[in-house]
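These notes concern the structure reproduced below.
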Amino acid sequence: MDEPMHLARRLRHTLSDTARDLGPDAPTLCDPWSVRELLAHLVVRERRPDVLPGILLGSTVFGRHTERVQAAVAEQDFAQLVDRVRSGPPAWSPTSVPVLDERVNTTELLVHLEDVRRAQPGWAPAPADDDVDAAAWTAVTAAGRLHYRSAPVGVVLVAPGRGRALVRRPPTGRSSVVVTGAPLELLLHAVGRTAAAHVQLDGEPQAVSALTAQERSV
């Protein structure tokens, strides 16, 4: 009997299948990236350690190098790009070890799978998945303080059936917003997919508007 896939690998397969079915030019929530460009990002992230400083530091000399490498990879045959994403980290990468793959790549894959799914007209949420919920809740409670560190208001995350987490204390003179939703929706909100995240925001209207306007990233 085949051994069950760990979550990161399962997400990688689902993302690859979804990308293949949509085609290279389909949009994503990572505008202006198309599906092809998003796959290229995942490939270089896992196979080109020299681009990692550029991914972390953005618009610097490192970032320009990352952009050049990613653009070159994006020009490759689309079926090859899909296969490279599906196959995951190369054998020489520490993240080829399943436990490290889970810790390092699960959040990235959760978010980018939804970046592809939710950019399409008439998209529908995936069926409930306990493994996804558990991973998303762990991720958003662990990194929520980082994602909301510049929020102009306090932020409390609530996942019914999972728990409640204070991820940003309100600055002096400001109130808090309670963000309620399924764990994956909370994760998407935390990383800046505000319009695509199905969450409920409760708080003073000015506080809700201020949080909605804040830019965040993965």
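The values are calculated or read from the model by the stated rules, or taken from the named source; none is laboratory data. Remember, predicted model here, so these are calculated numbers, not experimental data. Neighbour counts run over all protein chains shown; Cβ positions are idealised from the backbone, glycine included. Remember, those area values only see protein heavy atoms, side chains included, never the ligands or the DNA or RNA. Shrake-Rupley method; radii C 1.70, N 1.55, O 1.52, S 1.80 Å.
Observations
- Residues of segment 88-111 satisfying the condition of being charged (D, E, K, R) and touching a residue at least 24 places away in the same chain (Cβ under 8 Å): 101, 102, 108
- Only residues that are within 23 Å of residue 112 (Cα to Cα) and either free of Cβ contacts under 8 Å to residues at least 24 places away in the same chain or in a loop (DSSP other than H, G, I, E, B) (or both) were counted across segment 192-218, and they come to 16.
- Flag for residue 104 being of a type in the set (Val, Ile, Thr), surrounded by fewer than 19 Cβ atoms within 10 Å (Cβ to Cβ) and touching a Gly at 6+ places or on another chain (Cβ under 9 Å): no
- Candidates 181, 161, 154 - the one that is of a type outside the set (S, T, N, Q) and touching a strand residue (DSSP E or B) at 6+ places or on another chain (Cβ under 6 Å): 154
- If only residues of segment 118-135 that are among the small types (Gly, Ala, Ser) and not in a helix (DSSP H, G or I) are counted, the one that is farthest from the chain's Cα centre (by Cα) is 122.
- Residue 210 being open to solvent by 20 Å² or more (accessible area, probe 1.4 Å) and over 19 Å from the mean Cα position of the chain (by Cα): yes
- Only one of 106, 66 that is within 14 Å of the chain's Cα centre (by Cα) and in a helix (DSSP H, G or I): 106
- Residue within segment 70-80 that is under 20 Å from the mean Cα position of the chain (by Cα), at pLDDT 90 or above and open to solvent by less than 20 Å² (accessible area, probe 1.4 Å) present: yes
- Some residue of segment 48-55 being open to solvent by less than 50 Å² (accessible area, probe 1.4 Å) and modelled with pLDDT of 90 or more: no
- The residue that is most open to solvent (accessible area, probe 1.4 Å), counting only those in segment 20-32 that are closer than 14 Å to residue 78 by Cβ and assigned to a loop (DSSP other than H, G, I, E, B), is 25.
- Taken over segment 90-103, the residue count meeting the criterion of being closer than 24 Å to residue 133 by Cα and not in a helix (DSSP H, G or I) is 1.
- Unique match (being under 21 Å from residue 116 (Cα atoms), open to solvent by 70 Å² or more (accessible area, probe 1.4 Å) and modelled with pLDDT of 95 or more) among 12, 84, 36: 84
- Scoring residue 61 on the criteria (1) under 21 Å from the mean Cα position of the chain (by Cα); (2) open to solvent by 70 Å² or more (accessible area, probe 1.4 Å); (3) aliphatic (A, V, I, L, M) leaves a single failure, condition (1).
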